[in-house]
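A quick write-up on the structure given underneath.
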């Protein structure tokens, strides 16, 4: 049963002075239970690494990565991604990515779950007919045949309904042990996997802390209609010291393509329902 806003424990925020105005910094609460929903094998750390570091071994933290697999045959877009990663084998690449993710999350004392669903670039339409078409031309059997026109369009297709159900069931199961803060993508950039996970989290009716998806959020703004509809307030977790940079560099298969000039010092950007926040006085930091 969904709790009312009056019954929900709140997350503290400190106002902090900044050039040109005032910032709100999230104060990590290690007494809460957190489930980070990561569409892919790096998203949670890219966008929430500072929060993960701040929570550390004091908190009950699980990072659930949903789309952790691939399957053949591969479309032209999938083959282009493999070339970008200098990977001759998709199965070996994803095995290495899972290993990287487990290693990085161990450094922040977070439990990890790899859900085993196919990445959108590799996701097939269900049924024998689609499988036969895919053998003729891979694009004919895929839910999202191209990256630019399908994966990055931000529209979850009807053929993905079974995936939505599986993600929903998993999120509900992970949330069941007790009061939980879900930490979910905001869908900045429109990647369909991010949008799918965002929408599942929003439908739970529970406490959701939305993160601005990096690196997309370095170039694009959040969906204004979504943030307005959910009454979201922007807050940050700034980097302490090197912040999450050493964690991000642990994703060796991805980091060069994501940050060819080197990983910059990055803050975490969150958007939180106003009813979940308690705002304190100035001078505090996360």
Estimated [θ] at 222 nm from DSSP helical runs (n ≥ 4, -39500 (n - 2.57)) normalised by residues in the chain, nearest 500: -9000 deg cm²/dmol
Length-normalised contact order of the chain in % [C-alpha pairs under 8 Å, at least 6 apart]: 28 percent
Kirkwood hydrodynamic radius of the stretch 60-163, Cα pairs, Å: 14.8 Å
Using alpha carbons only: equivalent-ellipsoid semi-axes of the chain, gyration tensor based, whole Å: 32, 21, 17
Nearest 10 degrees, 0 to 90: helix 161-175 Cα axis against the chain principal axis: 30 degrees
Theoretical gain in end-to-end length, residue 204 to residue 225 [0.36 nm per residue, Cα-Cα removed]: 5.7 nm
Additional length obtainable on full extension of the chain from residue 132 to residue 91, 0.36 nm per residue less Cα span: 12.6 nm
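We did not get these values from a lab; they are worked out from the coordinates using the rules stated. What you see is a predicted model; the values in this text were computed from it and never measured.
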